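A.B. asks: What follows is a single structure, and I will ask about it in a moment.
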Amino acid sequence: MTRRDGTAQRSNNERDKTVKKTMLRAVAIVSVAGTAIVGLGMASSSATAAALPAAVSLPPYYSQLDVTGDAMVTAEDLEIAGDSLGLTTASPDWSSVSILDTDADGELTILDLADLSQRIIYDDGPFELVEATVIDMQSAMNAGVASSQSITQEYLDRIEAYDRAVVPGGSRPLNSIITVNPKALDAAAEADEIRASQGMTSMLLGVPIALKDNYGTVDMVTTGGCACWNENQTTTDASMVSGLRSDGAVIMAKASLDEFAYGFVSEFSSFQEPGSTSLVASPYDTTKTAGGSSGGTGAAVAANFAALGFGTDTGGSIRVPSSYNQLVGVRPTVGLASRDGIIPLALSQDTGGPMARSVIDAAIALDAVVGVDEADPVTARQQGLVPDSYTSFLDPDALQGARIAFIPSMVGTNSGTVRLFSEATAALTAQGATIVPVTPPAGFAAVLNEGSGSTNEFRHDLDEYIATHLGPEVEARTLTDILATNSFVTSRRSIYEARNAVTDATYEAWAGDTGSHTVQIAAGKTLVTQMMEDLDLDAIVYPSTNAYGTQGTNMRLSPNTGMPSVTVPMGRTIEGESLPGSGVNLEFLGRDFDEGTLLGLAYAFEKTTGARTSPSLYGPLP
């Protein structure tokens with residue numbers, strides 16, 4: 001026998017061992033059906049079986065081989081498959097189980113059963129928190145290997161050990177978390193009780209989340225990054241937070257941000273002496289900024305201080321820290337998720353969205369926060385345009401047949417970014433997409449050059465928030481009051497003074513119904529949407545940033561049209577390029593309320609590239 005034959009023989013033996021090991025796992029799952037399995041299977045042997053509530057939406061991989069009609073793969077499906085082993089296309093009952101023939105050889109075999117067993121959200125193997133996805137956490141909690149309490153506690157331990165410490169190999173603390181929820185473990189215990197009695201009622205049940213500290217929460221103060229509002233205990237949750245809690249998520253912490261979401265460096269003054277501030281560092285290189293304004297969320301999620309995070313984006317504040325910290329970030333269509341209860345910067349462009357370590361986590365998180373809210377009238381636009389679940393778009397073949405454009409001038413000249421973008425478009429092409437370089441129509445430059453509303457809108461929109469949401473204990477209830485406290489990032493005094501001087505007439509001329517900014521955003525939306533229609537495009541792609549720096553005015557395309565975008569890691573710079581080892585993201589922009597398509601494209605790109613890396617400075621706790 002030749003060396004090649006021997007290698008093949010060993011390969012076959014190893015495959016057989018893998019299949020046997022998987023089958024033992026499958027048999028174990030089937031053997032406990034109805035006792036250890038709750039809904040998807042899970043909790044403890046004392047729990048009684050319960051059907052998974054209809055509200056749970058699973059990605060296709062975990063639902064498309066369902067033969068029992070409950071829209072998920074469970075032990076019951078595995079049992080049917082086991083009873084059907086040996087059936088072929090000639091068998092009378094073939095049509096009812098043919099979907100389980102995943103290798104398409106015309107017969108149900110042990111290999112098909114092994115594949116099916118991998119699609120049950122249940123894993124009784126060792127659980128590692130670092131880089132764990134929501135699916136990983138649910139699988140471990142369903143199997144009883146972990147609980148929401150144990151996962152939450154481990155995240156809290158990581159925050160305590162790492163966030164305000166200078167770790168070996170680092171130069172300064174991350175400073176990513178402002179407040180930890182004292183009731184987090186109580187919420188986790190409640191989630192565990194729900195799982196024990198009802199099964200996995202949501203993909204977010206028991207999952208710990210960090211929110212940018214401009215989201216209102218009834219159990220933690222909301223400072224907006226400013227010491228002037230250290231006492232801002234709101235009486236209600238922000239609308240998006242209510243959605244997360246309804247799905248059983250554990251609101252674990254409030255993340256640092258650039259004060260009042262102003263800029264990209266994430267400098268804040270919360271709980272510091274007047275005149276003192278702190279900056280958020282990147283967990284990949286603590287000499288660098290984590291970006292902003294949602295820099296604390298970016299650093300915390302990247303360093304595995306939370307399962308998921310939420311930020312806000314007016315002109316790049318989700319996408320910049322996502323790019324700097326190798327995360328997936330979603331800037332939704334303005335009107336998809338309510339902004340009610342979030343401290344505003346400029347409501348013409350403000351929107352909140354998830355920041356996650358994977359596309360699947362971002363899609364799961366987005367599902368929880370969409371919906372029409374009378375308190376934010378712009379959300380009425382979404383009526384009839386929102387899918388049951390964004391996870392249904394997560395197809396590894398989503399790029400097949402897609403038409404995706406790029407505008408060469410948006411790629412820039414940075415050598416690292418140019419190389420990474422070229423490799424990204426090659427990967428898109430290899431997965432079946434058609435990449436179309438385009439010359440933008442007249443008026444496109446005006447879209448990218450339109451400024452942010454953060455000056456002309458801030459005082460007006462902040463006053464509305466103060467009137468409806470600011471906690472009664474806060475004494476500084478106007479911008480004038482805030483300036484008098486000296487408890488803010490004092491280097492920005494002139495900026496706050498300029499915002500405070502904006503008159504109602506200036507605001508109306510800018511952001512009123514016929515204001516110049518309002519008109520330009522509408523024109524930008526029309527222009528870019530028509531360009532996509534004319535070229536039959538599914539998306540437009542461009543680099544979100546350069547390595548720890550912005551790329552031209554790319555960040556403005558989404559907010560200056562109100563159209564959604566999804567940013568996803570595309571790789572890291574190398575020696576000979578600017579800041580070697582730094583992450584850079586690829587951004588997908590699409591039509592209003594077409595987040596599903598963008599997430600599908602990003603998911604397929606993520607699957608083929610696997611570009612995200614974990615920050616080595618913040619590995620598992622000793």
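A.B. asks: Would you work out which of Ala337, Gly451, Ala249 lies farthest towards the positive end of the dipole of the chain, given +1 charges on the beta-carbon of Lys and Arg and -1 on that of Asp and Glu, about the Cα centre?
C.D. replies: Most positive-ward Cα: Gly451.
A.B. asks: Right, something else. So which of Lys212/Lys288; Lys183/Lys254; Lys254/Lys607 end up more than 23 Å apart, counting from Cα to Cα?
C.D. replies: Long pairs (Cα-Cα over 23 Å): Lys254/Lys607.
A.B. asks: Given the options Pro580, Leu537, Ile135, identify the residue whose Cα lies farthest towards the positive end of the charge dipole of the chain (+1 on Cβ of Lys, Arg; -1 on Cβ of Asp, Glu).
C.D. replies: Checking the options against the dipole of the chain, the answer is Pro580.
A.B. asks: Distance in nm between label sites at Val418 and Thr553, each 7 Å beyond Cα in the beta-carbon direction?
C.D. replies: About 2.3 nm, to one decimal.
A.B. asks: Here's another thing I want to ask about it. Could you point to the residue in Ile495, Leu204, Ser96 farthest towards the positive end of the chain's charge dipole, with +1 and -1 charges on the Cβ of Lys/Arg and Asp/Glu respectively?
C.D. replies: So the residue we want is Ile495.
A.B. asks: Out of residues 5 or more away from Asn585 or on other chains, whose amide H comes under 5 Å of its own, with H placed 1.01 Å from N in the peptide plane?
C.D. replies: Answer set, sorted by chain and number: Ser544, Thr545, Met570.
A.B. asks: Next up: For a test of the definition: using alpha carbon positions, the gyration tensor, and the 1.5 limit on a/c, classify segment 90-150 as rounded, prolate or oblate.
C.D. replies: prolate
A.B. asks: Using a simple charge model, +1 on the beta-carbon of Lys and Arg, -1 on the beta-carbon of Asp and Glu, nothing else, what dipole does segment 434-531 show about its Cα centre, in debye to the nearest 20?
C.D. replies: With only Lys, Arg, Asp and Glu charged at Cβ, the dipole is about 400 debye.
A.B. asks: Kindly rank 78-84, 436-442, 101-107, 373-379 from highest to lowest mean number of other beta carbons found within 10 Å of each residue.
C.D. replies: In descending order of packing, they fall as 78-84, 373-379, 101-107, 436-442.
A.B. asks: Once you list every other residue whose beta carbon is under 15 Å from the beta carbon of Asn554, what net charge do they have if Lys and Arg are +1 and Asp and Glu are -1?
C.D. replies: Neighbour charge sum, excluding Asn554 itself: 0.
A.B. asks: If you take the Cα Rg of segment 312-395 and divide it by 2.2 N^0.38 Å, with N the number of residues, what do you get?
C.D. replies: Relative to the rule-of-thumb radius for its length, segment 312-395 sits at 1.08.
A.B. asks: Segment 82-102 to segment 476-522: how many Å between their Cα centroids?
C.D. replies: Distance between centres, Cα-based: 67 Å.
A.B. asks: In what sequence do Phe305, Phe127 fall when counting other Cβ within 10 Å, fewest first?
C.D. replies: Going from sparsest to densest Cβ surroundings: Phe127, Phe305.
A.B. asks: Using r as the Cβ-Cβ distance of Glu464 and Thr88, and R0 as 60 Å, what FRET efficiency do you calculate, to the nearest 0.05?
C.D. replies: 0.35
A.B. asks: Just the number: Rg to Rh for the chain, Cα atoms, Kirkwood Rh, two decimals.
C.D. replies: In the chain, Rg relative to Rh is 0.99.
A.B. asks: Report the gain in length on full extension from Val519 to Ala442: 0.36 nm times residue separation, minus Cα-Cα distance, nm rounded to one decimal.
C.D. replies: 26.1 nm
A.B. asks: Ordered by packing density, taken as the mean number of other Cβ atoms within 10 Å over each peptide's residues, highest first, how do 604-613, 138-147, 199-208 rank?
C.D. replies: Per-residue Cβ counts within 10 Å, averaged per peptide and sorted highest first, yield 199-208, 138-147, 604-613.
A.B. asks: If you don't mind, another one. How do Leu599, Leu527, Leu211, Leu557 rank when sorted from fewest to most other Cβ atoms within 10 Å of their own Cβ?
C.D. replies: Leu527, Leu557, Leu599, Leu211
A.B. asks: Order the peptides 157-169, 476-488 from the highest to the lowest mean number of other Cβ atoms within 10 Å of their residues.
C.D. replies: Ranking the peptides 157-169, 476-488 by packing returns 476-488, 157-169.
A.B. asks: I would also like to ask the following. Mind running the shape call on segment 378-463? Use the C-alpha gyration tensor, a ≥ b ≥ c as the square roots of the eigenvalues: rounded below 1.5 for a/c, prolate if a/b tops b/c, oblate otherwise.
C.D. replies: Taking the square roots of the gyration eigenvalues as a ≥ b ≥ c, segment 378-463 is oblate.
A.B. asks: What ranking of Phe310, Phe271 emerges when the number of other C-beta atoms within 10 Å of each C-beta is taken as an exposure proxy, fewest first?
C.D. replies: Fewest-to-most Cβ neighbours within 10 Å comes out as Phe271, Phe310.
A.B. asks: For the chain, what's the relative contact order in percent, using C-alpha pairs closer than 8 Å and at least 6 residues apart?
C.D. replies: Relative contact order comes out at 13 percent.
A.B. asks: To the nearest 20 debye, what charge dipole does the chain have about its Cα centre, counting +1 at the Cβ of each Lys and Arg and -1 at the Cβ of each Asp and Glu?
C.D. replies: Here the size comes out at about 1780 debye.
Every read-out reported here was derived from the displayed coordinates using simple, explicitly stated rules and does not represent laboratory data. This one's a predicted model, so the numbers in the text were calculated from it and none came from an experiment. Cβ atoms come from the backbone with ideal geometry, glycine included; neighbour counts cover every protein chain shown.
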